[in-house]
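Have a look at the structure below before the remarks.
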Amino acid sequence: MSWTRHLIQLGYRQPNLVNKQLILAVLNSTATKREAKDYMKKYGQNDTTNHCLILVRDVWGDGQNRIERFSHVVGRLKLLGVNPIFVLHPRTSPLKIVEKLDYALHKVGLSPMRVSDPLVKMAGGQFRAAFSWQNLKGIVPIVHPIYFDEVTCKRVITNSLSDFMVQLVQNANCHIEKFVILNEHGGIPSGERQQNSHVFINLSQEFDSLKASLQKTLVAVDGQFDPEWQNFGQQIDAVFNRDDLLKTQAQMRDHLEDLQVMNAVLSVLPFTSSGLLTTPQAASALGSKNPILYNVLTDRSLISSSLPRFKKEARSDCSWYELPISDDTETKSVDAALVTTMLKKGVNIKTFDYKSLNSGNCVGFPKKLDQGNVTPVPESEQLDLSKVKRIIDDSFGRELDLCHYLERINGRIASIIVIGDYEGIAILTFEGPQDFPFPYLDKFAVLPHLKGSLGISDIIFNLMFKKFPTELAWRSRKDNVVNKWYFQRSVGVLDLSINVNGHDAKESIFRLFFHRGSNEHGSNSSLSNRIREYAYYVRDIKPSWKS
């Protein structure tokens, strides 16, 4: 028997046992070594205290079980290096909520403290913090949505949640890494997911369209209460469906407010910060599906937004922080992935749909290929080829032969997607028979230090699947470490060394991946022939690397 086992039997416990369990949890719960490394780098620094803002409505119900489960989640958040700050929604019953939270948090050994007026509005209209947040180490603040007005000497309940949250974030001298909103309706609904929640929202790209969509739905619901907008039959329907309409109306208003508050807060937080919209039921889960704990460990959503829908299966593994504290099965009734939306302020996206590149639509076009007589496009619409080459060189660890590459793809470019300041890029071409070409992902690159962060890869694949919903093919070296990720996003994979047409076998270092839309069934023979075309044309594409 080892000395360690002797000491344990005598009642000795290692003083750093919790830290060791924490490290093991990170290593076992994350999908990649990069995520484990990023987590330890972010939350293992003693000089930075990370905080998580949690905005709560009156969503706990009359029972105490759910809020007590959630208090255990809060305790595990602190073990993972994140200090929570609760903020009450202006429409809550503050005394009731605070009493429940205070009791539940005390019960698990935490130290909650009510903060009745965290902000002071000065005579000039500016805000300042009423105290130093640095003095609250070890405390779990429960913040009321109230500020003190120096002019009137009165405490005022905010009438603009977005403005209050922005002022709170800007004046709290602490580092806020996460922003969570608990809403009984969960995340922002997505028509593509049968009104289940969006998995991931890149606010820079999607905020305006999502806001407009929610407003349109809300106007339509409001109109059903207006007799001037209705015929007699619609008025009768509105009477019989009044309760459902009121529920939908409240839900759309909450979703719209959540989206606007998220956008406002994430706009003033560091770009690495992320937001979560989820239900109190999902947030109280003590299994592997808890979206808050999972996001702290991985900085991503429970499932990938770019996975084909049939591959979005829930995880079933458990770690030390996921052990249940009761036999209550409430948290198993709804898959957390269906009611949770992850949000980031995100990155800007530009799409170039030039069939060919030339000196008129590009910066840095090689002079040896310049044929002149081209019409220049505005500078904002020009593709920067020097940055394209840089990201491809850095991502692949090889030097691109730009002239050879342009000669090969010009005339067959399908689309070029650029993320941010060329932090991510996808170049798609049309390959295959001239009368029936297919879109092909020719180059996909992300700057090395950003791989796995900001959701760049998911954003690119989502855009490609939306732009080319019918079919898309790409290839990858057989030894590429990213192949598992590619496999998850494809509906099929093929070794390109196979005998494609019965008499044309060639050795190849590549695998073919392909994705086809859910409506693209066709006959088995036509599908088989199409896959043969993918393999035949993709296999023989010549690389454009300098030797």
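Some observations on this one:
- Neighbour counting of Cβ atoms within 10 Å sorts the residues 341, 272, 248, 375, fewest neighbours leading, into 375, 272, 248, 341.
- Subtracting the Cα-Cα distance of residue 126 and residue 493 from 0.36 nm times their residue separation leaves 126.2 nm of extension gain.
- Cβ-defined net charge surrounding residue 483, 12 Å radius [Lys, Arg +1; Asp, Glu -1]: +4
- FRET E, pair residue 135, residue 162, Förster distance 30 Å, beta-carbon r, rounded to 0.05: 0.65
- Cross-link reach list, lysines versus residue 443, counting only Cα pairs under 21 Å and skipping chain neighbours closer than eight places: 350, 355, 387, 389, 451, 466, 467, 478, 484, 542, 546
- Compared with the direct C-alpha span, the chain from residue 253 to residue 509 gains 86.8 nm at full extension, assuming 0.36 nm per residue.
- Ranked for footprinting exposure by Cβ neighbours inside 10 Å, fewest first, 252, 262 give 252, 262.
- At full extension, residue 526 and residue 103 could sit 145.8 nm farther apart than now, given 0.36 nm per residue minus the alpha carbon distance.
- Size descriptors for region 337-419: radius of gyration and Dmax over Cα atoms are 15.9, 55 Å.
- Packing here is the average count of other Cβ atoms within 10 Å per residue, and on that basis the peptides 191-202, 358-369, highest first, run 191-202, 358-369.
- Residue 470-residue 335 pseudo-label distance in nm [points 7 Å out on the Cα-to-Cβ vector]: 3.0
- Cβ crowding within 10 Å ranks 456, 349 as 349, 456, fewest other Cβ atoms first.
- Given charges at beta-carbon only (K, R positive; D, E negative), |dipole| of region 349-539 in Debye: 360
- Taking every Cα-Cα distance in region 349-539 and sorting them into 10 Å bins starting at zero, the pair-distance distribution P(r) comes out as 8, 34, 36, 18, 4, 0 percent.
- Cβ-based charge dipole, region 349-539, positive-most Cα from 448, 397, 505: 505
Taken together, the values in this text are just the output of simple stated rules run on the coordinates, not laboratory data. Since the structure is predicted, the reported quantities are computational estimates derived from the model, not experimental observations. So basically every Cβ, Gly included, is an ideal-geometry build from the backbone, and we count neighbours across all protein chains shown.
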